[in-house]
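Here's the structure, in structure tokens; my notes come after.
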Amino acid sequence: MHSDVVIIGAGHNGLVCAAYLLKAGYSVVLLEKRSVPGGGATTEELLPDEAPGFTFNRCAIDHEFIHLGPVVEELELGKYGLEYLYCDPVVFCPNPSGKYFLAHQSIEKTCAEIAQFSPRDAQKYAEFIDFWQRLLKGIIPVFNAPPKSVVDILGNYDLHKIKDLFSVLGGPDQILDLIRTMLTSAEDSLNEYFDSEFLKAPLARLASEMGAQPSQKNLAIGAIMMAMRHHPGMARPKGGTGALTKALVNLVQSLGGQVLTDQSVEKILIDDGRAVGVRVSGGQEYRASKGVISNIDAKRVFLQFMDTAEVDDADQNLRERLERRIVNNNETILKIDCALSEAPRFVNHNHQDDYLIGSVLIADSVKQVELAHSEPSIGRIPDADPSFYAVVPTMLDPTMAPDGKHTLWIEFFAPYQIENAQDGLKGTGWTDDLKHKVADRVIDKLAEYAPNLKQSIIARHVESPAELGERLGAYKGNYYHIDMTLEQMVFFRPLPEIANYKTPIDGLYLTGAGTHPGGSISGMPGRNCARVFINSQQSVVQKIKDVRDSVKSTVDAMFKGK
Ligand SMILES: Cc1cc2nc3c(=O)[nH]c(=O)nc-3n(C[C@H](O)[C@H](O)[C@H](O)COP(=O)(O)OP(=O)(O)OC[C@H]3O[C@@H](n4cnc5c(N)ncnc54)[C@H](O)[C@@H]3O)c2cc1C
């Protein structure tokens, strides 16, 4: 089979990339190893026998990053069946003290909730969110461009965004102070603003979504996970995250693209130093005349899908640098999905069904969150007093379960490789027995807050970190493909020499969570990669014209005060 471009993996980034390439006139084939496309963006009926009609988001549920970029609008995904439902409230976190953190999309309403328990922290909360929102707005243009393409980045700035950036930069001392803030940890930053544990703990819980403990230096930026819930807001596709994938597949197919499932790529075909196609398990080859794009991480591409000599011929150091320099802290997720006869009731925390629309966080203290993320990095399971992130998706979208019934989504951070273990799946230590024991502890903890939970469980599905890694095909189960720490972001992601989606192998490109700006549902790596690919096919004259247009539109925007 032959096309202009072959894409390895039909995760949402592979599909976004395909859509832009098809719109630019290239023919594209996507090869997906699973029987369903979407990768970390699927909705599936996991318990068809015990709980028919209940559908579950197997990975991602809350979409914030995708609303920081133009993918949904540019690709007109609404026309292909995508409808976003916005959450409000956005976060609920009960505390053992009887207090609780309830965040609405409105900052003012959130401050009023906090003020019930701490008027000082309510005031500081507004300052905290204002700072991170201005910073976020100032750096959004960087997310939406290839990290080494200065012209593209500049082209994304208009007067408002420049103002936002300067408002956090200011004079020399303010710039130094901002750098210092970026070098601190989420915990340091929270201590600087707040007194109350009932507030600091959930904010630490969300900051740790970056995949590291709150005390991890250089990750104060995790605060944007809360800031984004206020603006642009937190939304979910109606019908589940899989509805995003479905809309992308509809679009790709309507443009003539092919999404072929049950096609596990095993080898990238190199001819005279150039990527010319791939071979899948079973032996079938797919040829690509213009390029091969990988939606999976660089480590697997260069260390597993290519011969040593082929990589060494292109870059003598690349294999060793991929092997040893890329950081992967051993943390991934044990996923629990339950079909429920009724929603959990948080009887000691002023229960209202609406509180469960957004993210339900179990974070009793910053210390508990710290252990939840530091223990996995040394191979221990933090289940003595579990902290985790839960959602009752059917509160916002009742279509995901039979009438009046509910679902429960829990992500519990856990090690991929358990210390000293050699048994279990892939020698990780994860057995069926162990995953169910850990799930029991997590459910027990949630039931301390919602005593009706256990009797309401109709059926449950538990996936261990090792199983999740096998399903996604992700290296050590890392759903961000590589860690999201500062030294692996922007033009360092995954390594400086392959950070602009191009690689030293002619015709071989990288996209997906392991490239800038990283993991989560954003579509940005897919869009940015498509831009680099299309640009690389253009003549020099066209490239100069594009630079001129980009500079002109930035200057026009600035002077018109747009
Ligand atoms: C439990 C969980 C909860 C999450 N919750 C959220 C959330 O609420 N919000 C959020 O924004 N993000 C969340 N994430 C992260 C998010 O799901 C991922 O970062 C994102 O889906 C990555 O998308 P991607 O397209 O870059 O890669 P992937 O989704 O990893 O896509 C890669 C694709 O390649 C395929 N593939 C792998 N190997 C091969 C091969 N050899 N041949 C062919 N195909 C192959 C895979 O099957 C997959 O379809 C969550 C992740 C997990 C695990």
Condition first: in contact with a His (Cβ under 9 Å, 6 or more places away or on another chain), surrounded by fewer than 22 Cβ atoms within 10 Å (Cβ to Cβ) and closer than 19 Å to PHE65 by Cβ. Now tell me which residues in the range 462-491 satisfy that. MET489, VAL490, PHE491
State the number of residues belonging to the range 53-84 that are more than 19 Å from TYR389 (Cβ to Cβ) and either within 14 Å of the ligand (Cβ to nearest atom) or of a type outside the set (A, V, I, L, M, F, W, C) (or both). 17
All but one of (1) crowded, with 21+ Cβ neighbours inside 10 Å; (2) under 30 Å from PRO70 (Cα atoms) hold for ASP158; which doesn't? (1)
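Kindly evaluate ILE336 against the criterion of being assigned to a loop (DSSP other than H, G, I, E, B), within 13 Å of the ligand (Cβ to nearest atom) and under 24 Å from the mean Cα position of the chain (by Cα).
Numbers: assigned to a loop (DSSP other than H, G, I, E, B): no; within 13 Å of the ligand (Cβ to nearest atom): yes; under 24 Å from the mean Cα position of the chain (by Cα): yes.
When the stated conditions are applied, ILE336 does not pass them.
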For the range 200-212, enumerate the residues that are away from the ligand (no atom under 14 Å from the Cβ) and at pLDDT below 95. ALA212
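Looking at ARG279, ARG274, can you tell me which residue is under 14 Å from VAL29 (Cβ atoms), among the basic types (Lys, Arg) and out of contact with any Pro (no Cβ under 8 Å at 6 or more places or on another chain)? Give the derivation first.
Details: ARG274 fails: under 14 Å from VAL29 (Cβ atoms).
Only one candidate qualifies: ARG279.
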Of everything in the range 494-537, what is away from the ligand (no atom under 12 Å from the Cβ) and either part of a loop (DSSP other than H, G, I, E, B) or closer than 21 Å to ALA186 by Cβ (or both)? Give them in sequence order. PRO494, LEU495, ALA499, ASN500, TYR501, THR503, PRO504, ILE505, GLY507
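The values are calculated or read from the model by the stated rules, or taken from the named source; none is laboratory data. The structure displayed is predicted, hence computed values, not measured ones. When we count neighbours, we look across all protein chains shown, and the Cβ atoms used for this are built from the backbone with ideal geometry, even at glycine.
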